[in-house]
Amino acid sequence: MYFYPHFARDNYNQRTGEYIPTWQKIARAHRNIKISDTECNMNNFGQYSPAYPTTNEDWRFAMSELNPVGKSVLTVTASGDQPIAFAISGATKIDTFDTSYFARVIMDLKTSAIQTLDHGQYNQFVRELRDTKSVRDIRGYDKIATVCPKQTIVVARQMAGCKIFNAGTGTCSEYMPTDQEYNIAKQKITGPMNFIWSDLQNLCRELNQEYDIIYLSNIFEYFTSKKKISSVLHSLYPFIKNGGEIMLYTSWVQTGISESIDAAARACGWGETKSHNRKNAFMLTMTRTR
């Protein structure tokens, strides 16, 4: 796919810079239509939806359970924090994917910031991302731009006036790297990470290798049926090594959603599921057994 700035800007309010999801556009254009009766995607995610400024997942818990040292990883890009977490935690190969192109932009900005800013400057930069309408106005951007991929710099300029890092409710400071973690990130991250622009259902068409870990965050939370979940897992089967793990779901608490995902995974017949729990985090994984 190619990035088209005019299409991307059409997804944002010209005055406020806020994102307008597809379902909201349809509702405004067709006042008498019942959105739930259409085939419209009812969530706020799309090819040009805003990225999250930070993760809201306890990535330290996830890394301790997955133990990615020396392993190959395919992870959702999201806020860029997930691939950075895998780098900090010792993964040797990290590929990323996301349905939104702006996940790539925020990841490139963060990995470039790690290479050029000190820890305090990095934290300040990330805190200012959510409400900015132009990253060029954020302190530290001039340094970041010296190593950031040119394509990302161009996209950031083309999207001036739009809040492309405005997903979620704000930044989660507790999941930003500590001094020690930041120093490790500086040693490990020396350039941009590979990005695949795809939603999860079509991801298999873009893959050509096996991974030790596939990290899906909480994407299945937005799937409406167990059948769709099982179908996606079957499509990823050729790309997970025997004995490798797919992280299916993570949240603050275990809910009925996790039980539904667990049932869909077990129905596949080629993996074993496992729940990982601690006080403020829950994670569900499936290990390929054949």
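Quick look at the numbers
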read-out	value
Residue match in region 136-146 (condition: farther than 18 Å from PRO192 by Cα and hydrophobic (A, V, I, L, M, F, W, C))	yes
Enumeration of residues in region 92-115 that are out of contact with any helix residue (DSSP H, G or I) (no Cβ under 6 Å at 6 or more places or on another chain) and closer than 14 Å to LYS188 by Cα	THR92, LYS93, LYS110, THR111, GLN115
Region 186-212, subset buried (at least 20 other Cβ atoms within 10 Å of the Cβ), aliphatic (A, V, I, L, M) and farther than 21 Å from THR111 by Cα, residue nearest to the chain's Cα centre (by Cα)	LEU200
Residue ID - modelled with the highest pLDDT, chosen from residues in region 1-44 that are of a type in the set (A, V, I, L, M) and under 20 Å from the mean Cα position of the chain (by Cα)	ALA8
Hey, SER79 within 23 Å of GLN201 (Cα to Cα), buried (at least 20 other Cβ atoms within 10 Å of the Cβ) and of a type in the set (S, T, N, Q) or not	yes
Matching residues in region 73-100 - criterion: being in contact (Cβ under 8 Å) with a residue 60 or more places away in the chain, of a type in the set (A, V, I, L, M, F, W, C) and in a helix (DSSP H, G or I)	ILE84, PHE86, ALA87, ILE88
Tabulated pairs, region 163-178, first closer than 20 Å to GLU18 by Cα, second aliphatic (A, V, I, L, M) and surrounded by 21 or more Cβ atoms within 10 Å (Cβ to Cβ), C-beta under 7 angstrom, 6+ apart or interchain	ILE164/ALA51; ILE164/VAL105; PHE165/ALA51; PHE165/ILE106; PHE165/LEU129; ALA167/ALA51; THR171/VAL126
Residue within region 87-99 that is open to solvent by less than 10 Å² (accessible area, probe 1.4 Å), among the aliphatic types (A, V, I, L, M) and within 30 Å of PRO5 (Cα to Cα) present	no
Flag for GLY70 being open to solvent by 30 Å² or more (accessible area, probe 1.4 Å), out of contact with any Pro (no Cβ under 6 Å at 6 or more places or on another chain) and of a type in the set (Gly, Ala, Ser)	yes
Selection status of SER173, at pLDDT below 95 and open to solvent by less than 90 Å² (accessible area, probe 1.4 Å)	yes
Residue match in region 101-117 (condition: over 12 Å from the mean Cα position of the chain (by Cα), assigned to a loop (DSSP other than H, G, I, E, B) and modelled with pLDDT of 95 or more)	yes
Among (1) among the aliphatic types (A, V, I, L, M); (2) within 23 Å of TYR122 (Cα to Cα); (3) in contact (Cβ under 8 Å) with a residue 60 or more places away in the chain; (4) out of contact with any Pro (no Cβ under 9 Å at 6 or more places or on another chain), the one test that ILE196 misses	(2)
Evaluation of THR255 against (1) within 27 Å of ALA87 (Cβ to Cβ); (2) of a type in the set (Ser, Thr, Tyr); (3) at pLDDT below 95 (one fails), failing number	(1)
Hits in region 238-271 - residues which are part of a strand (DSSP E or B) and open to solvent by 60 Å² or more (accessible area, probe 1.4 Å)	LYS241, ASN242
Candidate set: region 223-237, residues that are farther than 17 Å from THR285 by Cα and among the hydroxyl-bearing types (Ser, Thr, Tyr); chosen: the one surrounded by the most Cβ atoms within 10 Å (Cβ to Cβ)	SER225
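The values are calculated or read from the model by the stated rules, or taken from the named source; none is laboratory data. Computed from a prediction, not measured in an experiment: that's the story for all the values here. Positions of Cβ are backbone-derived with ideal geometry, glycine not excepted, and every protein chain shown enters the neighbour counts. The area values use the complete protein model at the heavy-atom level, side chains included, leaving out ligands, DNA and RNA. Shrake-Rupley method; radii C 1.70, N 1.55, O 1.52, S 1.80 Å.
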